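Input: a single structure, listed below in C-alpha cells.
Since every read-out is calculated from the coordinates, none of them should be taken as a lab result. Everything quoted here is computed from the prediction, not taken from an experiment. Note: ideal-geometry Cβ built from the backbone for every residue, glycine included; neighbour counts use all protein chains shown.
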Amino acid sequence: MLEKMGDRLDPDVVIEEFEALSRDAGRVQKETLKKILEENGETEYLMKWGLNGKTDPISFKSCVPLVTHADLEPYIQRIAHGENSSILTGKPITTISLTSGTSQGKPKFVPFNDELLENTMQIYKTSFSFRNREFPIGNGKALQFIYGSRQFKTKGGLAAGTATTNVYSDKKFKTTMRAMQTSCCSPDEVIFSTNCEESLYCHLLCGLIFRDQVQVVSSTFAHGIVHAFRTFEGKWEDLVNDVRRGELCSWIKTPSLRTAMSKLLNPNPGLANIIYNKCMGLSNWYGVIQELFPNTKYIYGIMTGSMEPYLKKLRHYAGDLPLLSADYGASEGWIGANVNPELPPELAKFAVLPNIGYFEFIPLKEDLIVEPQPIELTEVNIGEEYEIIVTNFAGLYRYRLGDVVKVKGFHNSTPELQFICRRNLLLTVNIDKNTEKDLQLAVKAAANLLEEEKLEVVDFTSGIDSSTEPAHYVIYWEISGEASEELLKECCNCLDKSFLDPGYVSSRKVKTIGALELRILKKGTFHKILDHFVELGAAVSQFKTPRCVGTKNQTLLQILRHNVVKNYFSSAF
Ligand code: AMP
C-alpha cells in the first residue's frame, strides 16, 4: 500500500496518503463500515442482530447493540476453543490477543488478525513520517525496551499472546522497523526471552554495545523506559564489566540469551572506560540517556494517560533530549496517530485514522442523566469529552473500549483526540466521583511536597477501604527513600485536599467519607506487582500500573497489604 524508496519508507508519500484519508474522513468512515459489514455480514453474530446484508451506519446502529467485553466473551471463548464456524468474523480467527489486564485484574482475550497487524503498521508509518519531518533520523538503530510475553495455544489450538507479542513476532514488524531506520539493537532472543529481568539487562547491554548507532530510545509505554533506567542505576557496574570483559555476567542463566549475547560481545576496555566515566560524571543520573547514547535524536513511547506520572523521571533521565509521545490504540485495535510530534507529551493528541475501524462517540455531559446516543466521527465537537466505541476488522462491533477522550481539534476533517482516562476507573464511596486523572493530579500535588527532601514517588495506586465506617480512600505510595513523619503527614493532608470533586469535598466535610489514608509501601513493591502481572501472561511492554485496586483483585490487594510499612490518616477536614 505504501510506496517505498528501495527498502526505505518515503515519508512524503505516507503523509500524502494520510492527508487524503483525513480530508474525507466522513466518506472513508462509511466505506470502512461497509467493508467490515460486507466481509462479516454472514457471521453468526451479525445475523443474530438481523442486519440482513445492510451495510449503512443507520441500519448498523439500529440493529447492533453497544457491547462490552463481557457481552462478547462467550463468542470469543468459542473461537478460542476451536469452533471454526463464522462466529464473529467471516475469515477464521487464528490468533488471540491478551489485553494487558491491568485495569480489570486479569487479561482478557480479544481476536487478532492480519487486518489489525496492517493497521498497526499503518499507524507506525504514519506517525513516523510526521516525526521524521520534525526530527529526522539517519541510518541507525533503536534501543527498544520491548518484550514478547509467553505465547501459548488456546484449547482450540489458536496462538495466543499479548497484542504487542503478536505484532513483534510478525515479520512485517521487522520490515517496517527497517524501513523506518529504527531496527532494534537487541536480537530476537532478548526480545522474546521469558525472563524479563534478564531480557532487560541484555537490552541495556545491547544498547551500550551499539551506543554510537542508537538514534531512538523507546518502549511501548513510557513506564518501560523509566523502569529500564531505574534498573540501570543498580546494574551499571555489572554492565560496564561485561563490556570490558566481553562476557555476560553469570547471573544471566537463560542459555539462548547467553548464546545470542556472546555473538555480540567482545572485550572492549575502551568502551567500558567511556561508559564508566560518563556514569561517574553524572549527577543523580540526570541526562543519562543522552550521555550513554550520544546520537539519540529523541525518546519515544506512549507518554499520555496513566503514563504521565512517569514523565518527570523520564525528563530527568533524558536531559535535553525531546520526549515524543507515541500513538493511541489498544489490543482491540488502533485509533489515532500522533501527527503533531513537536507537542510536549502533556499536550499530545491523536488524529483518528478513518480507515482502520468505524468509530462512534458517546458524549459525556455531566448534566445528562440518561446516557446519550453515540455520534459519528465527524460529528464530534471541539472541547467535549466522549467515550469511544470501536467497530473493527477483527470481530468487534460497537465495542465499548472504556476510554474517555477529549476532542482537541481537527486534522482536515478527522478529529484529534486527547486521551483523558479509563472510564471505569473511579474512586467512589457515595456521591463522590474521582477519575484516574483526578487521582493523578492529587498525587502530583502531594508529590511536589516530597521535593523538599529530594524524594519522589516511584509509583502509586489507590483503593477504597470499606472495612471502616464510613469508608475512606486509600492511596498507596512507593517512595524513592525515607521521608520524615512530618512531611508524610503533610502529603497525606494534601492528597485529601486535592480531590476537588464537590461530591468528595462535601462528603468529607459531613464525614460520610472517612479521612484519606496514605499507605507507604516497601521499596520494590511495584516491581512485585509487575512480576505478578507478567506471571498472569501480561507483557512488560504493555504494563500499566493499575491505578485503582478493587476488592475483586484480592491477589494484588494482598501484595499491597503485605508491603505496607507505615500509614497516615488525613487531618485536613
Ligand atoms: P492494552 O490492554 O494494552 O490493550 O491497553 C489499551 C489501553 O491503553 C487503552 O484502552 C488506553 O486506556 C491505554 N492507552 C493506549 N494508548 C494510549 C495513549 N496513547 N495514551 C493513553 N493511554 C493509552
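Structure above, values below:
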item	result
Virtual spin-label span in nm between Glu42 and Glu453, 7 Å along Cα→Cβ	6.9
Dipole magnitude of the chain, debye to nearest 20 (Cβ charges: Lys/Arg +1, Asp/Glu -1, about Cα centre)	1000
Thr175-Leu347 FRET efficiency (beta carbon distance; Förster radius 35 Å; 0.05 resolution)	0.60
The stretch 404-445: proportion of alpha-carbon pairs further apart than 12 angstrom, %	67
In the stretch 207-262, chymotrypsin sites (Phe, Trp or Tyr not before Pro) in a DSSP loop with at most 15 other beta-carbon atoms within 10 Å	Trp251
q = 0.23 Å⁻¹, the stretch 417-509: log10 I(q)/I(0) [Debye, one scatterer per Cα]	-1.23
Relative contact order, percent, the chain [alpha-carbon distance under 8 Å, six or more residues apart]	15
Packing-based exposure ordering (other Cβ within 10 Å, fewest first) of Cys491, Cys185, Cys196	Cys196, Cys185, Cys491
Antiparallel DSSP beta bridges within the stretch 436-493, as percent of all bridges there, nearest 5	100
Cα-centre dipole for the stretch 214-343 with unit charges at Cβ (Lys and Arg positive, Asp and Glu negative), debye to 20	380
Mean Cα-pair separation over length for the stretch 490-568, i.e. relative contact order, pairs under 8 Å, 6 or more apart, %	38
Ascending count of other beta-carbon atoms within 10 Å, so fewest first, for Lys141, Lys34, Lys263	Lys263, Lys34, Lys141
Euclidean distance of C-alpha centroids, the stretch 58-103 and the stretch 311-360, integer Å	27
Distance histogram for the stretch 33-145 (every C-alpha pair counted, 5 angstrom bins, percent rounded to whole numbers)	2, 9, 14, 17, 17, 13, 10, 7, 6, 4, 1
Loop sites in the stretch 346-420: trypsin sites (Lys or Arg not before Pro), DSSP, at most 11 other Cβ within 10 Å	Lys365
In nm, spacing of pseudo-spin labels at Arg245 and Arg133 (7 Å Cα→C-beta vector)	5.1
The stretch 1-151: relative contact order in percent, alpha carbon pairs under 8 Å with at least 6 residues between	23
Per-selection metrics, the chain (Cα): Rg and Dmax in Å	24.1, 71
Extension gain (nm, one decimal) between Asn381 and Thr259, 0.36 nm per residue minus Cα-Cα	38.4 nm
Projected-area mean, the stretch 302-354, by convex hull of Cα positions, square nanometres	3.9
Cα-based Kirkwood hydrodynamic radius, the stretch 459-573, one decimal, Å	15.0
Highest average packing first - 286-292, 339-345, Cβ atoms within 10 Å	286-292, 339-345
Cα gyration tensor shape for the stretch 125-265, rounded if a/c is under 1.5, else prolate or oblate	oblate
Approximate shape of the stretch 515-573 as ellipsoid semi-axes (Cα gyration tensor, √5λ), whole Å, largest first	25, 12, 11
Model label zone, Lys522; criterion: amide N under 16 Å from point 7 Å along Cα-to-beta-carbon; scope the stretch 538-562	556-562
25 Å Cα-Cα threshold exceeded, pairs from Lys61/Lys91; Lys313/Lys349; Lys91/Lys172; Lys437/Lys489; Lys125/Lys437	Lys125/Lys437
GluC sites (Glu not before Pro) within the stretch 374-403: DSSP coil, no more than 16 neighbouring Cβ in 10 Å	Glu384
Hull shadow area, averaged, the stretch 337-423 [alpha-carbon convex hull, nm²]	6.0
Residue-averaged 222 nm ellipticity for the chain, from DSSP H runs of 4+ at -39500 (n - 2.57), nearest 500	-12000 deg cm²/dmol
Fewest-first sequence of Tyr476, Tyr147 by Cβ atoms within 10 Å of each Cβ	Tyr476, Tyr147
Net lengthening on full extension, Glu469/Ser484 (0.36 nm per residue, minus Cα-Cα)	2.5 nm
Stretch gain in nm, segment Thr194-Lys34, where the contour uses 0.36 nm per residue and the Cα spacing is subtracted	53.5 nm
Kirkwood-Stokes translational diffusion coefficient of the stretch 437-485, alpha-carbon pairs, 10 °C, 1.306 mPa s, µm²/s	133
Percent antiparallel among DSSP beta bridges (both partners in the chain, rounded to 5)	70
Of all DSSP beta bridges in the stretch 38-174, antiparallel share, percent nearest 5	60
